[in-house]
Structure formats: structure tokens, C-alpha cells
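First up is the structure itself, then whatever we jot down about it.
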Amino acid sequence: MLELACRDLGMDCDHVVHGESVPEVKQKAMVHAAEVHAEILKTMSSPEQLADMDKLIEAKIR
Ligand SMILES: [Zn+2]
């Protein structure tokens, strides 16, 4: 089981996402972000920012 803490992405949030695979964790993280951190997601609209966030998520999954 893999997990990703929202806090590790720099959010002030105690949410932790679990999943069986990296793509699953990533997908759940994006769903959570869209629901709870929509304001922050809106500021990450450029492809570079999204790619950086993608890399950060992969680095923080454990
Ligand atoms: Zn969160």
C-alpha cells in the first residue's frame, strides 16, 4: 500500500491518500486537491507548474 501526505506537498492539510499503485495515488490526490484545494490548483495552470507538481507527487509517494 502506497501513501501520500497532502502536507508533504506543502499544503496545510492532514489528508493522506492511499492507493495500490502510483497512478492510483496520483489520481486520488488530484481528486482530493480538486475538492479541497481548488484555489491552489487554479494557480497551477501552466504545463511547467503541473509537471513540477507531478514530479513532487511522485517523489513524495511512499
Ligand atoms: Zn489536502
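The values are calculated or read from the model by the stated rules, or taken from the named source; none is laboratory data. These numbers come from a predicted model, not from an experiment. Counting neighbours? That spans all protein chains shown, and the Cβs are built from the backbone with ideal geometry, glycine included. Note: accessible area is taken over every heavy atom of the protein model, side chains too, but ligands, DNA and RNA are not part of it. Shrake-Rupley method; radii C 1.70, N 1.55, O 1.52, S 1.80 Å.
Which is open to solvent by less than 80 Å² (accessible area, probe 1.4 Å), among the small types (Gly, Ala, Ser) and modelled with pLDDT of 95 or more, of SER46, SER21? It is SER21.
Show me the helices (runs of 4 or more DSSP H) entirely contained within the chain in which 1 or more residues are without any contact (Cβ under 8 Å) to a residue 60 or more places away in the chain and touching a His at 6+ places or on another chain (Cβ under 8 Å).
On the way: elements: 22-36, 38-42, 47-60.
Qualifying helices (runs of 4 or more DSSP H): 22-36.
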